[in-house]
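Data first, discussion second: the structure below is written as structure tokens.
The values are calculated or read from the model by the stated rules, or taken from the named source; none is laboratory data. Note that the coordinates shown come from a computational prediction; the quantities given were computed from them, not determined experimentally. As a convention, Cβ positions derive from the backbone with ideal geometry for all residues, glycine included, and neighbour counts pool all protein chains shown. Heavy atoms of the whole protein, side chains included, go into the accessibility calculation; ligands, DNA and RNA do not. Shrake-Rupley method; radii C 1.70, N 1.55, O 1.52, S 1.80 Å.
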Amino acid sequence: MKANTKSTVIWIQGITCNGNSHSFLNYSNMALFAASFEMLYHPLLFTAHTLESLLDKPEAFDFLIVEGAFTKEARYLQRFGRSFPEILEPLANKARFIVCVGSCASFGGMFRLRDPRRISGALFNAKEKGGYWDEKSNVVNIPGCPAHPRWIAETMMALRERKTVLLDEFLRPKEIFAYLAHHGCLRNEYFEWKVDCKQLGEKEGCMFYEHGCLGPNTHANCNKILWNDISSKTRAGSPCLGCTEFDFPRRALYETHKNMSLPQTPYGIGKRAYYTLAGVAKSFKIERLEKKLIDEDH
Amino acid sequence: MKITKEIIERIEGEAALEVEWEDEKIAFAKLKFFNYRGIEEILRKRPLYDALAFTPRVCGICSHSHALACVRAIESCFEHAQETITLNKKARDIREIALNAEKIHNHIKWYFFSVLPELEKIDNPSYRGDAFKKPRWFLAQNAVTETLKMGAIFSGQWPHGSFVAPGGVTCDPVSLDVLNARGILEKVIAFCEETLLGFSLEEFTGFDSAVQVMASPSALSWGIDTMIRHAFDRLGRSHDRFLALGDSFLYEGALKSAKTTVLPADIKYVSESLAHTFFEDPTQGYTYSKTATYKKSFFEVGPLARMMVAKEGLIRDFHRRFKDAALTRVMARVVECAHLLVQTKRLLENLDIREASLIPPKRNVHELSAEGIGVVEAPRGSLIHAISVNHGVIERYDIITPTVWNLGNGERDNLSVVQKALVGLDSLTKADFIVKSFDVCSVCTTQ
């Protein structure tokens, strides 16, 4: 690819809320993105081409972005009088890369719950391999509900520049999804010392024990790069919902799922290691962590 | 009689418009929405608080509104189970700031990403759009991003933040966070003053004549000029009946208006119908959009309705001149945006962070059995969530979105809001713009 040639992009939608489109429109370096990419079609924006003209004469292009869950059932999804396969397949055959943005396109997401056998992600149905397609070699998944605008734009830029994009077992870029939402959480110290958040709406305490926070089990760099360049769910006092994982949304999201009154262990930490350390930490009462962060008496 | 079928695009999805023509004028129209996702069904039998995470995902552009309608419905369930919910002023103000951020961003996005390019296209049919190309598009995109960044200081993220819980908000900002929010909002205000309005907010919000708005070159005055050139000051008139069921800083209580007469409204007169839907009849139905009526009559909701019941001076003047034409409808969104910026600045300047953010209900949610309703004035109008809960498990979840009010289908002798606005038009280009003047959200219409 010549350096001065823009990569061409077609953005289409499966079963969706448009959340990934709107998340992407929050990208703070959009002029930089636009210098490298030409958006041939986006369903929400006034772009140079119509979807019908692109479908009538499909030509090779660089990036097919798919937002929303996949289905072959016309009764669940039709656009412009066409079923989803009639839109997807002519384009998928001509695209260099297929980037699934959001958990719906990656795993089926929330809308999969309506009919889990017939609604799925591109290559996964929740955690099972085999979604809409059984195999396809040029798919990258960027889950999240929604996906962060930087995840979308920067992955596309890396692919365009032929940089190595290492993917994990769910085809997620490792430079984003090797991190856990827990990394960079401002409540980490409360997690270390097992100090529970007594109630929502306060700066103090960890939401892992009672309020269902899935930060230590969720692959995403939310608390590293922050949302809207400024905050995150946990920074706004709300538990991580695990939205980048194949099982999003779990049942009872605001409650911690427990076994024998113990929460699940953080990702990749064995039960013996975690519960031993947790037991020791919990046996100490750290006075500073029991107090308000900002103590008005001093 | 001739029947034509068109696709209306770029309305947060798309819809099919079926038009019946008589003497080359639209005699009747049906607006069809196809992509139903079944959120109300998905919520059935799930734990009540899951709705706080699920309902924002009804819509990528008004997720905070859905979160707020949901938490109000849950709080209403507690109230109906004899538990008083106390919301501190801090919690109420933060909820309003986050909601305002969503509305301000929506109106900027809609005006620059939808209204202006659609008008350019009507002016010049070979127009190919400005997205990702023209400096003005990037300026608007930046203003949108900054608006939501300001809101995210309180809501954690946009879209799909979950910043509310029964009894308040989950965030607990420090005073410096609030100062940061004020600084970011000033950037948005500067964009709106320089590019959108051509006036300072103080001047603009004091206007009471359409003539004043035209005195400065701006994106707004260009839009007004262009709309008048294409007769949108006369086209797109509907029933001239308005409804605002949710609260607002602009007026007190739930209100309705017929023309300029404003009267109290009560949510108990709202009814929802499945007429013409695939739900009612899989073979004869033609849309997934339900319809909502007030005392069996169709009412327009949204910024124009809010401005009309609030008796806002400038919009009253537009209405006096142009009635509820497409021009007045578009104008109302811009005028509301200006008022929202002023109000949000005021809220940030006076936000008292010393109160508790949240006072949780005492009753365990697993013991809660009741019904409740939550209403919010979302960007596009009155949004209603109604819940029936049994021992903390959702029995029934019903959502009436603003676009259902405006874009549902009525009968030949009782036309819906959009149908009434379309009848009599002589071209599909005009019909396309009239439909879009309602700021259609396809995904909300068929959750």
Low-density loop GluC sites (Glu not before Pro), region A:246-298, at most 11 other Cβ within 10 Å, DSSP non-H/G/I/E/B, are A:E296
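Considering every residue in A:193-200, what mean count of other chain Cβ atoms within 10 Å of its Cβ is obtained?
Shielding by partners across A:193-200 averages 3.
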In units of 2.2 N^0.38 Å, the Cα radius of gyration of the protein assembly as shown is 0.92
Gyration tensor (Cα only) of region A:180-298 to equivalent ellipsoid, semi-axes in Å sorted down, yields 22, 20, 13
antiparallel share of DSSP beta bridges within the protein assembly as shown, to nearest 5, in %, is 75 percent
Rounded to the nearest 10 Å², the 1.4 Å probe accessible area of B:H239 is 40 Å²
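Please grab the % of Cα pairs in chain A that end up more than 37 Å from each other.
Roughly 22 percent, once rounded to a whole number.
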Lys and Arg at +1, Asp and Glu at -1: neighbours of A:F111 with Cβ under 10 Å from its Cβ sum to +3
Kirkwood Rh for region A:141-208 from C-alpha pairs, in Å, is 14.2 Å
So, relative contact order of chain B in percent, Cα under 8 Å, 6 or more apart, is 26 percent
Rg (one decimal) and Dmax (whole number) from the Cα set of region B:110-219, in Å, equal 17.6, 53
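Given the alpha-carbon gyration tensor of region B:301-447, what are the semi-axes of its equivalent ellipsoid in whole angstrom, ordered largest first, with each equal to the square root of 5 times an eigenvalue? Numbers along the way, then the final one.
Numbers: eigenvalues 243, 123, 24 Å².
Sorted largest first and rounded, they come to 35, 25, 11 Å.
Pairwise over distinct Cα atoms, reciprocal of the mean inverse distance: report the Kirkwood radius of region B:240-321 in Å, one decimal place.
Value: 13.9 Å, from the Cα pair sum.
Hey, if we sort B:I387, A:I230 by accessible area with the 1.4 Å probe, largest down, what's the order?
The most accessible residue leads, giving A:I230, B:I387.
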per DSSP, antiparallel bridges as share of beta bridges in region B:184-301, % nearest 5, sits at 90 percent
Plugging the Cβ-Cβ distance of A:K163 and B:K187 into 1/(1 + (r/R0)^6) at R0 = 25 Å yields, to the nearest 0.05, a FRET efficiency of 0.15
Note, A:N29: beta-carbon cut-off 13 Å, +1 each Lys/Arg, -1 each Asp/Glu, net -1
Log10 I(q)/I(0) at q = 0.15, 0.16, 0.17 Å⁻¹ for region A:7-173, from Debye over equal alpha-carbon scatterers, is -0.76, -0.88, -1.00
Among beta bridges assigned by DSSP with both residues in chain A, the antiparallel ones amount in percent, to the nearest 5, to 40 percent
Whole-number value, in Å³ per residue, for the convex hull of the alpha carbons of region B:35-445 is 137 Å³
Rounded to one decimal in nm, the spacing of the 7 Å Cα→Cβ label points at A:N93 and A:T265 is 5.0 nm
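Taking region A:66-103, which GluC sites (Glu not before Pro) meet the DSSP loop condition and have no more than 15 other C-beta atoms within 10 Å?
A:E73
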